[in-house]
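*Asks:* Just passing along the structure, written as structure tokens.
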Amino acid sequence: MLYVGFAVRCHSQVATRFLVCTMNQLKPLTARRSQNERSEQMRQRLVDAVLESLQSHGYAGTTISRIIDIAGVSRGAPLHHFATKAELIEAAAQQLVRRIYKEFNQAIQQLKPSENTLEDFILTAWQVVTAQPDSIAFSELLLESQRDQNLAAILQKLWTNIYLSLEAFAGLHLKPVAPGENVKQLMVLTQWVLRGMAADKHLIEDQGLIHHYIKLWSSLMSQHIQPQQR
């Protein structure tokens, strides 16, 4: 009986030491994970602040001081998480492109088949290009990149991915009216047309005029492309 009791006590002590040892080993992992999560949350706050500033104050007004104020962080936070302002802008631009593409995809999925499906498709693209706050921020970046070589270099990195995504999207949702029509190129052209119209939008008092020309463009495109049946 003494032997059994001794064995039980030994087993209990070993199990306790093992448990304590294991918990001690897990603490650094938990701490590192928590630290990484906090770091990622801070990066996201800074990126969100950049996008909010672009929408409200334009690129010129998106200073480090304003980003700090909007994010509600210390002055050292941006440099702790991003080596330069350019790196922060690049992270914001990458997120911007992903969100615009996601918004566009969600809007298209909600379209219902109708006689004017292609027109609805292009009108939806117009609304995403011009009506969403993210599109305002992206337009600010594009406009400023004409004068800022560093910003232009950042956007050039993203440009290929943007159009590859657009081409993939066109291939998924559209098809040619006749063999030989290049659906992907026609959608890239449509995106350029809409973005050009967006640049003049603030100068046009009658917004119905914009819808008139979207219908006209849709009519021209309907001779070449049509929506896939879903």
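The values are calculated or read from the model by the stated rules, or taken from the named source; none is laboratory data. Quick caveat, the model's predicted, so the values are computed rather than measured. Here the Cβ positions follow ideal geometry from the backbone for every residue, glycine too, while neighbour counts run over all protein chains shown.
Per-residue answers, yes or no, for (1) in the same structural domain as Asp48 (by TED's automatic domain parsing); (2) part of a helix (DSSP H, G or I); (3) farther than 22 Å from Ala91 by Cβ:
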position	(1), (2), (3)
Phe121	no, yes, yes
Ala125	no, yes, yes
Val129	no, yes, yes
Ile136	no, yes, no
Leu142	no, yes, no
Gln146	no, no, no
Leu158	no, yes, no
Glu167	no, yes, yes
Ala170	no, yes, yes
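*Asks:* From the residues in segment 121-178 that are β-branched (Val, Ile, Thr), at pLDDT 80 or above and closer than 21 Å to Pro227 by Cα, which one is surrounded by the fewest Cβ atoms within 10 Å (Cβ to Cβ)?
*Replies:* Val177
*Asks:* Which one of Arg38, Arg33, Arg17 is closer than 30 Å to Glu140 by Cβ, at pLDDT below 90 and part of a helix (DSSP H, G or I)?
*Replies:* Arg38
*Asks:* Can Lys175 be described as in a strand (DSSP E or B) and either of a type outside the set (S, T, N, Q) or in the same structural domain as Gln41 (by TED's automatic domain parsing) (or both)?
*Replies:* yes
*Asks:* Condition first: hydroxyl-bearing (Ser, Thr, Tyr), out of contact with any strand residue (DSSP E or B) (no Cβ under 6 Å at 6 or more places or on another chain), closer than 30 Å to Leu51 by Cα and surrounded by fewer than 12 Cβ atoms within 10 Å (Cβ to Cβ). Can you find one or more residues in segment 190-199 that meet it?
*Replies:* no
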